[in-house]
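Report on one structure; see the data block that follows.
The values are calculated or read from the model by the stated rules, or taken from the named source; none is laboratory data. Note that this is a predicted model, so its numbers are computed, not measured. Glycine also receives a Cβ, built like all others from the backbone with ideal geometry; neighbour counts cover every protein chain displayed. Just the protein is used for accessible areas: all its heavy atoms, side chains included, with ligands, DNA and RNA removed. Shrake-Rupley method; radii C 1.70, N 1.55, O 1.52, S 1.80 Å.
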Amino acid sequence: MSWRSERIWIELIAGSRKTSNFCWAFILFLGSLGFLLVGTSSYFGRNFISLFPSQQIIFFPQGIVMSFYGIAGLFISSYLWCTISWNVGSGYDRFDIKEGIVCIFRWGFPGKNRRIFLRFLMKDIQSIRIEIKEGIYARRVLYMEIKGQGAIPLTRTDENLTPREIEQKAAELAYFLRVPIEVF
């Protein structure tokens, strides 16, 4: 989502609150809970899950391994739920021709550096760069080249833009900023 006028361009960046992240966190939670219940039911000799009778799974080594996988899965699931609730990666890009500045803001993990705020002068922008890698793991990323600072990504690496969409986005931004486009 973006908002544009003649002098200001603001692009909102979606963070980790995506449908796929909700689905993965939920599936991982249910799967790891199942592993943990099967492991503990083999230890206590009771059927916590009716699909697997506890007599079929012995505690050592199968029950221990199932419990370990269940606990590990719960940790990973809780990590995903935390990133979703903190909305890590969300923020905005603001290009202001009137003031001659570019502001890039992202939310990080809680702590001292939770707010990531970068500010550059527009005269330091060298170009807009498109990086396209095709194949099994296709990757299309838009970067902003800054003098003395290197490349700063403007799109998420997991954002599935078609080549036409990323080229159009790069062309519009380069025209707005009056800088050239580089393709890698």
**Item:** Cys82 accessible area, assembled protein chains, probe 1.4 Å, Å²
**Value:** 50
**Request:** Give me the net charge of Thr83's neighbourhood, meaning all other residues with Cβ under 15 Å from the Cβ of Thr83; Lys, Arg count +1, Asp, Glu -1.
**Result:** +4
**Message:** Within the range 90-131, list the residues whose amide N lies under 15 Å from a label point set 7 Å along Cα→Cβ of Cys82.
**Reply:** 108-114
**Prompt:** So how do Val183, Val65, Val88 rank on accessible area, 1.4 Å probe, biggest first, that is with the largest at the start?
**Reply:** Val183, Val65, Val88
**Request:** Give me the accessible area per residue for the chain, probe 1.4 Å, as a whole number in Å².
**Result:** 65
**Protein accessible area in the chain, 1.4 Å probe - carbon and sulfur %** = 62
**Prompt:** How big is D for the range 18-84, in µm² s⁻¹ as a whole number, if Stokes-Einstein is applied with the Kirkwood radius of its Cα pairs at 20 °C and 1.002 mPa s?
**Reply:** 176
**Request:** Can you give me the three principal axis dimensions of the chain from its C-alpha atoms, in Å, biggest first?
**Result:** 72, 38, 29
**Angle in degrees between helix 19-44 and the longest Cα principal axis of the chain, rounded to the nearest 10** = 20
**Asked** To the nearest 500 deg cm²/dmol, what mean residue ellipticity at 222 nm is calculated for the chain from DSSP H runs of n ≥ 4 alone, each contributing -39,500 (n - 2.57), summed and divided by the residues?
**Response** -12000 deg cm²/dmol
